[in-house]
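Just so it is clear, none of the values below were taken in a lab; they were calculated from the coordinates. On a predicted model such as this, the values are computed, not experimentally measured, just so you know. Here the Cβ is made from the backbone with ideal geometry for all residues, glycine too, and neighbour counts use every protein chain on show.
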Amino acid sequence: MRIGLGTDVHAFAPHRKLVLGGVLIPHSQGLLGHSDADVLTHALCDAFLGALALGDLGHFFPDTDPQFEGVDSLQLLRTVYDRVLEQGWQLSNADTVVLAERPKLSPHLPAMRESLAGCLQESPSRISIKATTTERLGFIGNEEGIAAQAIVLLHQTV
Ligand code: MG
C-alpha cells in the first residue's frame, strides 16, 4: 500500500467562481488562481502524487503555463489519476476536509463527492469529504480564503 497527503490554500477574490470538488458553489466571491482554483481537487491531486512520490501539482501543471489558465481542475485530477493507474495502483480510499468559514458547504458535500468519484471512475464510497470552519480564527475565519487537506491510500492492482 501507499499513502499520500495533500494540502492547498487559495485566497478569495471578487468576480471569480467558487468551484470545490468540481462543483460550482453559489457565493459572493470565488477563489483566485491560475486554474479554476478548485482547492479541494488540488489537495486531492497532491495526495495522489505524494503517494507515489511523483512531486507536486505545480511541477506537473506549472501556473506559468498558459495552457492551464482557467483549466477545469477535474482535468488535472484525471491526468494525475491516470498516472496512478498506469503505475499499477488504485484508490483504496480518500479522506478530505475543506476548511471554510463561509459559504456553508454541508448542502454541497454529496454533489462534490459524486463529482470527484465520477472523475476518478471510482465508487463514492471510497471518497470522504468533510467541511469545517475555524471558529472565525485566522485567514479562514476572516473569510480571506479556503484551505483543503486530503489523504489517500492506494493498493496495488498488479
Ligand atoms: Mg491550488
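When the dipole is taken about the Cα centre of the range 1-137, and only Lys, Arg (+1) and Asp, Glu (-1) are charged at their Cβ, what size is it in debye, to the nearest 20?
460
Which of 31, 115, 48 sits farthest toward the positive end of the charge dipole of the chain, with +1 on the Cβ of Lys and Arg and -1 on the Cβ of Asp and Glu?
Value: 115.
Sequence gap at least 6, Cα distance under 8 Å: using those rules, report the relative contact order of the range 8-136 to the nearest whole percent.
Relative contact order comes out at 23 percent.
How large is the charge dipole for the range 87-158, taken about the Cα centre, if only the Cβ atoms of Lys, Arg (+1) and Asp, Glu (-1) carry charge, to the nearest 20 debye?
Roughly 120 debye for the range 87-158.
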